[in-house]
1. Between LEU133 and ILE247, what is the spin-label point distance in nm, taking each point 7 Å from the Cα along the Cα→C-beta axis?
2. Along the positive direction of the dipole of the range 35-124 (beta-carbon charges: Lys, Arg +1; Asp, Glu -1; about the Cα centre), which of THR117, LEU101, ASN89 reaches farthest?
3. At a threshold of 8 angstrom on Cα-Cα distance, excluding pairs fewer than six apart, so keeping six or more, what relative contact order does the range 145-188 reach in percent?
4. Would you kindly state how much longer the chain becomes between SER159 and PHE90 on full extension, computed as 0.36 nm times their sequence separation minus their alpha carbon distance, in nm to one decimal?
5. Take each of the peptides 4-13, 116-125, 43-52, average the number of other beta-carbon atoms within 10 Å over its residues, and list them starting from the highest.
6. May I ask you to give the solvent-accessible area per residue for the range 133-178, in square angstrom, as obtained with a 1.4 angstrom probe?
7. Show me the GluC sites (Glu not before Pro) within the range 52-119 that DSSP assigns to loop and that have at most 11 other Cβ atoms within 10 Å of their Cβ.
8. With +1 assigned to the C-beta of every Lys and Arg and -1 to the C-beta of every Asp and Glu, and no other charges, what is the dipole magnitude of the range 56-133 about the Cα centre in debye, to the nearest 20?
Amino acid sequence: CSIKFEETKTVFTLKIPAKIYGTQRITTPIDIKTFKLPDKIWGIAIDDSKIQMKLLGKFFEFAGIPSNRVHVFGKDADEIMGFVDFVVNFLDENKGEHVLLIADENLDVMDEASKHTTISGSQLVENIRLRLLPEQEMLLVALIRSANDSSSDVAIYNSRAHGFLPKAPIKKANILETLAPLWMARYPEEVGDEEDSYPSRSTRKSRADSFSSLESSASLNDAVATTPIEIIQMVKEISNLFSKGRIMEDRALRQNIWEKLHALKGDLLTLQVGSKIITAVG
């Protein structure tokens, strides 16, 4: 310490060594190959597509989160508009427990006046984080799932949430391997300095392979991916809408068709490469 007398003030300086918050909690280095999520973790997700909602439930299941600890929203405008309040209240009621949150970036809703609105999932996540206490926010891992993966888009997602998940098929065996680096980035204090605890080039390559095509129908059951049957069903629903009336004069019908087509686009992005749906759309 030191003390310095100046003409108009006295300066007393005291230097005390301090450790960055969390450094005392360093544990065994995380091995990506054996990584698992904490016990008593909750899974919360939101998507405006029924198919994607089902896939998100499957994602949490493959990640090891029991179905009774999973909440998936997005079936209607009320669920989307009330999502922020639900998550904030949920964290208030479940103190001390981790939450893995996955939000679709583009959420389409129709208000009471039949007016279409697109809500940003990453903006919802940012609103949630701003309303949480620091100790609550530390238990949240929020990821944005989107087909838009340009560097500028991903930068926005990362500024509002904790990471980004591409909207693409993913194998069951690689779910945790995909989550591991995102978890480590969120909680670096839990990662040791050993070189083996960080993703190697080969591991990064294997993560890319996680989103590669699955050729057998059996493997589709072990993947977060849209099936050809689901695509065919969606195409039939859209086809039926075209036969309901005069599209150009019926704004509500036209809007409904637009929403279905938008959802179909997202569902096609999670369709396994090589799946045969030519008969459905040809």
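The values are calculated or read from the model by the stated rules, or taken from the named source; none is laboratory data. Just so it is clear, the model here is predicted, and its values are computed rather than measured. Every residue, glycine among them, receives a Cβ derived from its backbone with ideal geometry; neighbour counts consider all protein chains shown. Quick note on the areas: whole protein, heavy atoms, side chains included, nothing else; ligands and nucleic acids left out. Shrake-Rupley method; radii C 1.70, N 1.55, O 1.52, S 1.80 Å.
1. For the pair LEU133/ILE247, the computed spacing is 5.4 nm.
2. LEU101
3. Numbers: 21 pairs, mean separation 16.8, N = 44.
Relative contact order, the range 145-188: 38 percent.
4. Details: separation 69, 0.36 × 69 = 24.84 nm, distance 2.30 nm.
Result: 22.5 nm gained on full extension.
5. On the way: 4-13: 7.1, 116-125: 19.4, 43-52: 23.7.
The peptides rank, most packed first, as 43-52, 116-125, 4-13.
6. Values: 1900 Å² over 46 residues.
In whole numbers, the range 133-178 has 41 Å² accessible per residue.
7. Working: sites: GLU61, GLU79, GLU93, GLU97, GLU105, GLU112; in loops: GLU97, GLU105, GLU112.
Sites meeting the loop and neighbour criteria: GLU112.
8. Working: 7 positive and 14 negative charges, 60 e Å.
Here the range 56-133 has a charge dipole of around 280 debye.
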